[in-house]
Amino acid sequence: MKFAFSSNAFLRYNLLDTIRIIASVGYQGIEIMADVPHAYPPHLSAGDIRDIRKALDDNCLEISNINAFMHHADGDTYHPSWIEKDPVLRAKRVDYTLACIDLAERLGAPAISTEPGGPLDGLPREEGLRFFKEGLDSVEGRARERGIRILIEPEPGLLIENSTQFKEFFRELDPEVFGINFDIGHFFCVSEDPAELMRDMKGFIHHFHLEDIAASREHHHLMLGKGAIDIPGILETANKIGYEGFVTVELYTYESRAAEAAQEAFQYLEKWRKSTKTPV
């Protein structure tokens, strides 16, 4: 497996500086946030795309994933979602996702991650599932054409928050186009065993988010080793299931000291790697 760090912790930096910092720490990859202030597709010119690609090449950094979950440029963390009651807002999420698919192709990224429907906000669950499926149907063709995988990221409190809900919904999707962005902490928050799920869902997993979570299971991302998740056990399970893709550390809660958080997390991962003699 390879390690990356998510740019969503670096909201006080531009993307080019973020790329340089993450590479200088030692990571092999970066997850790029497709939102302000980093890579919101409508704000990017052809020159911007060239500059990002050059920065990645100059710093020998791969893209682990395009994070197309948040939409602060035209809403907030969850809105406009796939399951808004207003069809105009649902269309905005579709258009944004199409633009993120195109961005992923232009930058050479393998996948984009997206929210699992969104918050129900009083919407009946069955209607939310229908809206979500309709939205994904609208972007499936573009993703297939561009060779970009769309990864759904279950999250506590949203339409799809646990493994049972994900697997039930995933039956309706093409596994050649869709998959899961497996966020370790999110499954821990809903009282599931991430290691057990990794073994059960390995065929769906194409990217990981890694963070720690307190024993209270409150959804608040903590530095690796500062919570109750058995991080070494999780990483060893990833090895055992033969996962060879990226594990991206996601610590957006450390915005005030993003560079230091990236360094601290990398040191934790390096210590684990050396203790297990695992190549990274």
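Skipping prolines and chain starts, which residues have an amide H placed within reach, meaning under 5 Å, of the one on N181, given they are 5 or more residues away or on another chain?
Residues meeting the amide H criterion: I152, E153.
Using just the C-alpha positions of region 1-159 as equal point scatterers, what log10 of I(q)/I(0) does the Debye formula give at each q in 0.12 1/Å?
-0.50
Within the chain, how many Lys pairs sit with Cα atoms under 27 Å apart, leaving out pairs fewer than 8 places apart on the same chain?
Qualifying lysine pairs in the chain: 28.
What distance in nm separates the two pseudo spin-label positions at I241 and S256, each 7 Å out from Cα along the beta-carbon direction?
For the pair I241/S256, the computed spacing is 3.5 nm.
Per the Cauchy relation, a quarter of the hull surface: what is the mean projected area of the convex hull of the alpha carbons in the chain, in nm²?
13.4
Report the label-to-label distance for E105 and D86 in nanometres (one decimal), using points 7 Å from each Cα along the Cα→Cβ vector.
3.0
Over the chain, what is the relative contact order in percent, taking alpha-carbon pairs closer than 8 angstrom and at least six residues apart?
On the way: 517 pairs, mean separation 55.8, N = 280.
After rounding, I find 20 percent.
³J(HN,Hα) across region 98-108 via Karplus (A = 6.51, B = -1.76, C = 1.60, θ = phi - 60°), whole Hz, x for Gly/Pro?
Working through the residues one at a time gives 4, 5, 5, 4, 4, 4, 4, 5, 5, 8, x Hz.
Rounded if a/c is under 1.5, else prolate if a/b is larger than b/c, else oblate: which is region 238-280, with a ≥ b ≥ c the root eigenvalues of its Cα gyration tensor?
Oblate.
Along the Cα-to-C-beta direction of H219, a point sits 7 Å from the Cα; which residues of region 140-162 have their amide N less than 14 Å from that point?
Only 153-162 pass the distance filter.
Along region 123-130, what does the Karplus equation 6.51 cos²θ - 1.76 cosθ + 1.60 (θ = phi - 60°) give for ³J(HN,Hα), rounded to whole Hz, x for Gly and Pro?
Ordered by residue, 3J(HN,Hα) equals 6, x, 4, 4, 5, x, 5, 5 Hz.
Taking the beta-carbon count within 10 Å as an exposure proxy, list C189, C60, C100 from fewest neighbours to most. All intermediate terms of the calculation are to be shown ahead of the outcome.
Working: C189 21, C60 8, C100 29.
Placing the least packed residue first, the sequence is C60, C189, C100.
If you average the C-alpha positions of region 1-32 and of region 224-255 separately, how far apart do those two centres end up, in angstrom?
16
Throughout, read-outs are computed from the coordinates displayed, never taken from laboratory work. The model shown is predicted, which means the values in this text are computed figures rather than measured ones. Glycine gets a Cβ as well: all are built from the backbone with ideal geometry, and neighbour counts include every protein chain shown.
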